[in-house]
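Here the structure comes first, spelled out in structure tokens, and everything after it is commentary.
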Amino acid sequence: MLKSLSSLAIGVSLVLGTAAFSEAYADTKVATVSVPYVYSKIPQSKAAEDKVNKATASKAKALDKLQSDGAALQKALGNNDLSPEDRAKKQRELQLIETELQVKYSELREEQQKLMFKEKTEIDKKIQAAIDSVAKQNNVDVVIRAESLLYISSDSIDLSEKVVESVSKAK
């Protein structure tokens, strides 16, 4: 009897607690923003990518040259007219080029990631400022990342397009 009474009390308090919670937040206006969508639509993303590619173009070009040198050595090694000494020399050269390629490729990727992180940080600041501004303009109390939600009703407020417009104007 005591056990069923305590279960009933817990059930009633859960219902009352849920009702109180619902009532307290009934006037709260919630909206969503799809940040990946915003990134894909704003011109700053493409500009950042172009800036990083331009900054690392000389290293990428050097990598291309090394790759073509390696391909030329591979082709030369396919020649059956090579003496054993020449073949051994070209194989060593090819190994050196392959090692250098790996090192330079890693350096290039690291530099690109570092530069892109810096650019992305600046874009993130602009997106956050736009979200804040658009939310205030639309009297929204809470903004949630759309990609973190499991369910969004069809009548939910999506601020993504407005954020894209705001960030695009900011440049």
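Points worth noting:
- Annotation: extensible slack from Ser45 through Asp81 equals 7.7 nm (criterion: 0.36 nm per residue apart, minus Cα-Cα distance).
- Residue (of Leu149, Leu115, Ser40) at the positive-pole extreme of the range 2-170, dipole from beta-carbon charges: Leu115
- Gyration tensor over the Cα atoms of the range 2-170: the corresponding equivalent ellipsoid has semi-axes (square roots of 5 times the eigenvalues, largest first) of 60, 25, 11 Å.
- Average silhouette area of the range 85-134, convex hull of alpha-carbon atoms, in square nanometres: 3.8 nm²
- The range 117-171: projected area of the alpha-carbon convex hull, averaged over directions, in nm²: 4.4 nm²
- Modelled label positions at Ile144 and Glu100, each set 7 Å beyond Cα in the direction of Cβ, lie 5.6 nm from each other.
- By the Stokes-Einstein formula, at 1.002 mPa s and 20 °C, the range 31-94 with its Kirkwood radius over alpha-carbon pairs has D equal to 137 µm²/s.
- Using the Cβ-Cβ distance between Leu115 and Asp27 with R0 = 41 Å, the FRET efficiency computed as 1/(1 + (r/R0)^6) comes to roughly 0.35.
Read-outs: derived from the displayed coordinates by stated rules, not from any lab. Model, not experiment: these values are computed from the prediction. Positions of Cβ are generated from backbone atoms using ideal geometry, with glycine treated the same way; all protein chains shown enter the neighbour counts.
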